[in-house]
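See below for the structure under consideration.
The values are calculated or read from the model by the stated rules, or taken from the named source; none is laboratory data. The structure presented is a predicted model; accordingly, all values stated were derived computationally and were not measured. Cβ coordinates were reconstructed from backbone atoms using ideal geometry, including for glycine residues, and neighbour counts include every protein chain displayed. Remember, those area values only see protein heavy atoms, side chains included, never the ligands or the DNA or RNA. Shrake-Rupley method; radii C 1.70, N 1.55, O 1.52, S 1.80 Å.
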Amino acid sequence: AETDIVGNSFFKFIHEEDGEISNELLQKITEGQETFEIENRYITKTGKPVWLSWHCRVVLDEGVVYATAKDITEPKKLQELVSDAFRLAKIGGWEIDMIHEKLTWSEGVHQIYGTDPLSYGPELEGAIEFYREDHRERVKEAISSAMENGSPIEFEAALISAKGNEKWVRAMGQAEIPNGKCTRLYGSFQDITDLKETEHRLQSITNDLPGVTFQYIVYPDGTDKLASVSQKSMEIWGMSPEDCEKDTEPIWDQIKKGGAYAKLQGDIQNSIETLCQWHSRWTSILPNGQIRWHEGYGTPYKLADGTVLFNSMIFDITEEVKL
């Protein structure tokens with residue numbers, strides 16, 4: 001009520017954490033500034049904090065400050081929720097203004113790079129120099145492709161922060177190209193160091209297993225591919241993980257030469273139809289001419305679009321069969 005306010009100092013109602021904002025307000029008045037806007041919190045009669053946005057006009061001749069306030073408590077709550085979510089997810093935003101050649105980072109990006117937002121002004125060339133040397137060219141190519149062709153930016157790379165810490169980051173972004181000319185790039189930047197460390201530990205474990213581990217993916221149109229292939233592919237198929245993920249046909253050729261292609265395909269198809277675990281034994285002839293017995297296991301998962309994904313392992317059981 002008006003009677004609760006009139007005659008009291010406005011400091012009485014200000015949230016204790018926002019006292020500095022009010023001191024800045026008094027400084028502006030002292031320095032002769034005639035109009036300004038501020039946001040601060042006040043404590044209501046019930047003890048509940050509210051955010052108010054003030055528009056103020058100073059009339060020095062009258063010694064009066066005229067002010068209007070708008071309750072912005074709900075928008076502030078939403079803003080804080082978004083900020084907290086971004087902070088917990090270690091995500092920040094970035095923008096490259098191509099017209100003015102200016103790079104802007106949010107506070108979250110500064111935290112990832114280990115730079116001080118008050119003293120460090122990011123520049124594109126300097127930002128790329130933070131990346132580990134073996135990743136810089138890929139980052140440059142992603143940015144150049146977005147500028148020239150409007151290609152989406154999406155990459156994972158390692159950088160060395162201003163504090164000397166190695167971090168893995170995921171960058172995503174897109175270009176604005178009105179009238180065929182790129183005027184702006186913008187997107188998000190996320191610290192994925194913890195995720196990468198977990199992936200590396202899991203990769204070390206799978207590489208130590210006696211067989212090759214991988215994901216076998218069968219699409220609704222019948223095409224297939226391998227993903228997340230472990231290093232043991234060299235022992236099982238005589239092929240690098242990268243070559244296995246690039247093309248499955250050389251692996252199927254080994255199995256066809258071994259004479260068990262039709263039976264293995266039948267076992268896989270049965271597992272797809274029943275969503276029961278896949279298990280098969282077969283012979284393969286490797287690129288070096290060796291005949292090897294292999295045994296495979298896989299657990300199928302059907303995705304919403306009809307794609308079936310098998311988490312699988314294949315072992316070499318040649319010596320057991322000979323016994």
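When region 201-251 is limited to residues that are of a type in the set (D, E) and either touching an Asp or Glu at 6+ places or on another chain (Cβ under 9 Å) or part of a helix (DSSP H, G or I) (or both), the one that is modelled with the lowest pLDDT turns out to be D208. Being hydrophobic (A, V, I, L, M, F, W, C) and either over 24 Å from K257 (Cβ atoms) or touching a residue at least 40 places away in the same chain (Cβ under 8 Å) (or both) is a condition met by at least one residue of region 280-288.
Output the residues belonging to region 186-223 that are more than 30 Å from K90 (Cβ to Cβ), touching a residue at least 24 places away in the same chain (Cβ under 8 Å), open to solvent by 40 Å² or more (accessible area, probe 1.4 Å) and not hydrophobic (A, V, I, L, M, F, W, C). Across region 186-223, the qualifying residues are P210, Y219, P220. Test E154 against the stated conditions and say whether it is out of contact with any His (no Cβ under 6 Å at 6 or more places or on another chain), in a strand (DSSP E or B), open to solvent by 50 Å² or more (accessible area, probe 1.4 Å) and within 30 Å of G92 (Cα to Cα). Taking the combined requirement at face value, the residue satisfies it. The requirement of being in contact with an Asp or Glu (Cβ under 8 Å, 6 or more places away or on another chain), surrounded by 17 or more Cβ atoms within 10 Å (Cβ to Cβ) and under 18 Å from T213 (Cβ atoms) is satisfied by F315. Of all residues in region 108-143, those being more than 20 Å from the chain's Cα centre (by Cα), in a helix (DSSP H, G or I) and buried (at least 17 other Cβ atoms within 10 Å of the Cβ) number 0. In region 155-200, of all residues being of a type in the set (K, R) and within 17 Å of the chain's Cα centre (by Cα), the one that is farthest from L103 (Cα to Cα) corresponds to K196. Please enumerate the residues belonging to region 224-237 that are within 24 Å of the chain's Cα centre (by Cα) and either among the β-branched types (V, I, T) or open to solvent by less than 70 Å² (accessible area, probe 1.4 Å) (or both). Correct list: L226, A227, V229, S230.
Yes/no per residue for (1) small (G, A, S); (2) at positive phi; (3) at pLDDT 90 or above:
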position	(1), (2), (3)
S119	yes, no, yes
E129	no, no, yes
E137	no, no, yes
P152	no, no, yes
A157	yes, no, yes
Q174	no, no, yes
L185	no, no, yes
T193	no, no, no
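Farther than 18 Å from E95 by Cα, part of a strand (DSSP E or B) and touching a strand residue (DSSP E or B) at 6+ places or on another chain (Cβ under 8 Å) - does that describe any residue in region 168-180? The answer is yes; a qualifying residue exists.
Taking first residues from region 246-268 that are at positive phi and partners that are at pLDDT 95 or above, the Cβ contacts under 7 Å between residues at least 6 apart in sequence or on separate chains come to G259/T283.
Taken over region 24-64, residues that are open to solvent by less than 70 Å² (accessible area, probe 1.4 Å), farther than 17 Å from I14 by Cα, modelled with pLDDT under 75 and not in a loop (DSSP other than H, G, I, E, B) amount to 3.
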